Amino acid sequence: MPAFEYKQAEEIKQAFKRHRICYLFIGKSGAILLGFPDTSQDADLFVDRSVDNGRALVAALRELGFDLSDNQASEIERGKDFVQLRHGPFDLNLVLAPDGIERFEDAWNRHVDVEDFPVCHIDDIIGSKQAANRERDRESLPRLRAFREYWLKNRNQ
Amino acid sequence: MLKDTTRSEWLEDFEAAARRPLAQGWRYAFIKTYKPVMDDAKFRAFDTMEDYRRWCEQNLPRWLGYARV
C-alpha cells in the first residue's frame, strides 16, 4: 500500500464533513498537521463515541474506499475503543478512548483547525503519548515537547 | 538533559517545516514501510485500549516500540 497522501487527507476532510462526523486528528499525524517535522505511517483519528457518529463514520469510510464487511461495520458502529484499518486506500486508526484524555468534548474544546483539518491541541497529543508510555513515545516526546514550545510561541504569527 | 546543539538543530527543523506549505510537508511526513504482524491483518478492533496495548505487547516484535515502558 502506498503512503498516506495529502489528497487523501483532503478526501477524509470532505467526506467527514459531508457526513457530519465529530473527529480530530491525534497522535503523530495530528502533530504533523500542526507543523511537527517527523514521519508517520498512518493517520490516527480520535472519534466521538455515539451511535449516530458511528453510523456516519462507516458510511464515510465506505465512500472513501474502505472495504468493510457488515461485521466490521457493526464493530465500528458499536464504538470499539481502537480500530485498525489496513484494507482501504491508506492505513487508518480509529481511536475512541485515547490514553490521557477523559472525554472527546474536552479535546474538542481545545482543538485547533489547520486548513480546516480539526486537530487535537498539542497538549492533548503530548498528554496522550505520555499516558500511553510506550517505548516509541518515550523516544519521540523530548522533540515533541520542544516543538510544543516553538508552536505556542509562533502559532499566531 | 538535552544538548544545546540538539535543541538548536530541532529549532532549525521546526522553522524549516513552518516555511513549507502543508501539502509539501505532508509528502515528506507520511511514509510506508511494512510493520511485521501489525500490517498482516486488514482489520482489527479492540474493546478497550488496554486490550489493544496488551495485544501489541504480546504479539508485536519488541523493536517496533509498541510495548509500554
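Where a number appears in this text, it was derived from the coordinates with a stated rule and is not lab data. In this text the structure is predicted, and so the values were computed from the model without any measurement. When we count neighbours, we look across all protein chains shown, and the Cβ atoms used for this are built from the backbone with ideal geometry, even at glycine.
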Mind checking Rg over Rh on chain B, alpha carbons, Kirkwood formula for Rh? 1.13
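Inverting the mean 1/r over all pairs of different Cα atoms, compute the Kirkwood radius of the stretch A:1-97 and quote it in Å.
This gives a value of 13.4 Å.
Nearest-5 percent of antiparallel DSSP beta bridges in chain A?
Looking only at bridges with both residues in chain A, the antiparallel portion is about 70 percent.
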What number, rounded to the nearest 500 deg cm²/dmol, is the helix-based mean residue ellipticity at 222 nm of chain A, given -39500 (n - 2.57) per DSSP H run of at least four residues and division by all its residues? -16000 deg cm²/dmol
Treating only the Cβ atoms of Lys and Arg (+1) and Asp and Glu (-1) as charged, compute the dipole magnitude of chain B about its Cα centre; round to the nearest 20 debye. 180
Give me the dipole magnitude in Debye, nearest 20, for the protein assembly as shown about the Cα centre, with unit charges on the beta carbon: positive for Lys and Arg, negative for Asp and Glu. 300
A correct Karplus calculation of ³J(HN,Hα) over the stretch A:58-70, with 6.51 cos²θ - 1.76 cosθ + 1.60, θ = phi - 60°, whole Hz and x for Gly and Pro, returns 4, 4, 5, 5, 5, 4, 7, x, 7, 8, 8, 6, 5
In nm², what is the average projected area of the convex hull enclosing the Cα atoms of the protein assembly as shown? 12.1
With a cap of 10 neighbouring Cβ atoms within 10 Å, and only residues DSSP puts in a loop, list the chymotrypsin sites (Phe, Trp or Tyr not before Pro) found in the stretch A:1-87. none
Report, as an integer, the average count of C-beta atoms from other chains found within 10 Å of each Cβ along B:35-46. 6
Kindly provide the helix-only [θ] at 222 nm of chain B, computed as the sum of -39,500 (n - 2.57) over DSSP H runs of four or more divided by all residues, to the nearest 500 deg cm²/dmol? -15500 deg cm²/dmol
Peptide B:21-29: average number of partner chain Cβ atoms within 10 Å per residue? 6
